[in-house]
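So the structure is just underneath, and the comments pick up after that.
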């Protein structure tokens, strides 16, 4: 399996190469030269697998000979040994909705499921290649903590995490900034997540700088993240779908990586009926699916901060397919976004997008009300991101469907929102209570590419 860029289909790079690169030099995102289409016989085998076995099988389709079987099994087993749930993910069925608990990892968010695997991959490859790299990533709240936990104290790698200053929850911030590992650097940017993400992308495109620091990335732009997220679509279908009917999955969505993994799973042959893009008030993806126009607006701060995004990086991957895999047409759309501030899908492109995705947005008041209602009716507490995913599934048309909502984070990560919704402060798991009371370590910097580059250069 080799890979090309959404902006240059002539590239033919190994998994190892694109794993280290993260983002293509042309600013595009990497895609496999083919998505494997599994036979009914191949799909049926998944019925017998646990989560780790599914992970191994699905990674094998995409990584070539980067790791031998024993190496890959060890990486996966080690990655999931830190999870509080033996099955890695669990389910809570309330009425017709199955709540998929993706937050049993060390930092209480779905990002742990992929990031712990990536941490093991980096550790093994850096040792075998005898090189040192610097990971630079942006976070809207959860990626940073997950990446830090996966990378802290590992040899031959530093990690620099950019987060928007005062625009994530206190717990999200503390899970990052209380880490005292010498290879971890937290940077609070005076701006939005989109500003953080743009800085990281600009660094990748600046080849002199990227090569100078031997830069790599662990955002969902890294294809390895997508592979790991594909796994739990297969897991929920074969372990939590007793009817074996086609499934409807509602995914709280910011950067489009988690739901894009569902699209790949569907292309591989998984029986997914509908993928619902669930957004908060920063609803650019919902507006695009409804109208065909992709036009970023100012980011509005919300009680679901991990979704406070107006430029969803992974959307470029689906755009590539909407452009009939034509890199030049894709580049035209991205250039329109850069020069005009928006792009417009053709009628055919919009029809194709709607063939795969529907969309919903959820206001602040609706989010709080959903948290309240679920807690009152079922004595079950969900976080504000999950609440946005619940909203579309409350529609009468889904009552007879096999519905899954991704519970992307533990409610204790958002104490202010939960307090506002039900007048109670959620408790952190015991193992994390000490962490968030420790001294924080981070630097506040201006939203300026050159300032950030200088800071990183001075630390390595």
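Below are the figures for this structure:
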| item | result |
| --- | --- |
| Distance from the range 172-220 to the range 5-70 (C-alpha centre basis), Å | 25 |
| The range 92-125 and the range 293-310: distance between their alpha carbon centers, rounded to Å | 23 |
| Length-normalised contact order of the range 1-99 in % [C-alpha pairs under 8 Å, at least 6 apart] | 24 |
| Separation of alpha-carbon centers, the range 363-421 and the range 232-256, rounded to whole Å | 17 |
| Two-decimal Rg to Rh for the range 75-233 - Kirkwood Rh, Cα set | 0.98 |
| Two-decimal Rg/Rh across the range 5-51, once Rg and the Kirkwood Rh are taken from alpha-carbon atoms | 1.17 |
| Protection proxy ranking, peptides 346-355, 314-323, 159-168, average beta carbon neighbours within 10 Å, highest first | 159-168, 314-323, 346-355 |
| Contact order normalised by residue count of the chain, Cα under 8 Å, 6+ apart, percent | 20 |
| Relative compactness, the range 169-234, computed as alpha-carbon Rg over 2.2 N^0.38 Å | 1.36 |
| Diffusion constant of the range 285-347 at 10 °C, which comes from Stokes-Einstein with the Kirkwood Cα-pair radius and 1.306 mPa s, µm²/s | 127 |
| For the range 313-460, radius of gyration divided by Kirkwood radius, i.e. Rg to Rh on alpha-carbons | 1.08 |
| Highest to lowest packing among 55-64, 373-382, 225-234, scored as the average C-beta count within 10 Å | 225-234, 55-64, 373-382 |
| Sequence of 240, 15 once ranked by neighbouring C-beta atoms within 10 Å, starting from the fewest | 240, 15 |
| Per-q log10 I(q)/I(0), the range 188-335, q = 0.10 Å⁻¹ (Debye; single scatterer per alpha-carbon; no solvent) | -0.41 |
| By average C-beta atoms within 10 angstrom, highest first, the peptides 285-291, 327-333, 205-211, 409-415 | 409-415, 285-291, 327-333, 205-211 |
| 20 Å-binned pair-distance histogram of the chain (Cα, whole percent) | 26, 63, 11 |
| All Cα pairs of the range 13-167, percent lying beyond 22 Å | 51 |
| Antiparallel %, DSSP beta bridges [both residues in the chain], to 5 | 25 |
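No lab work stands behind these numbers, since they all come straight from the coordinates. These numbers come from a predicted model, not from an experiment. In this analysis, Cβ positions are derived from the backbone assuming ideal geometry, glycine residues included, and neighbour counts consider all displayed protein chains.
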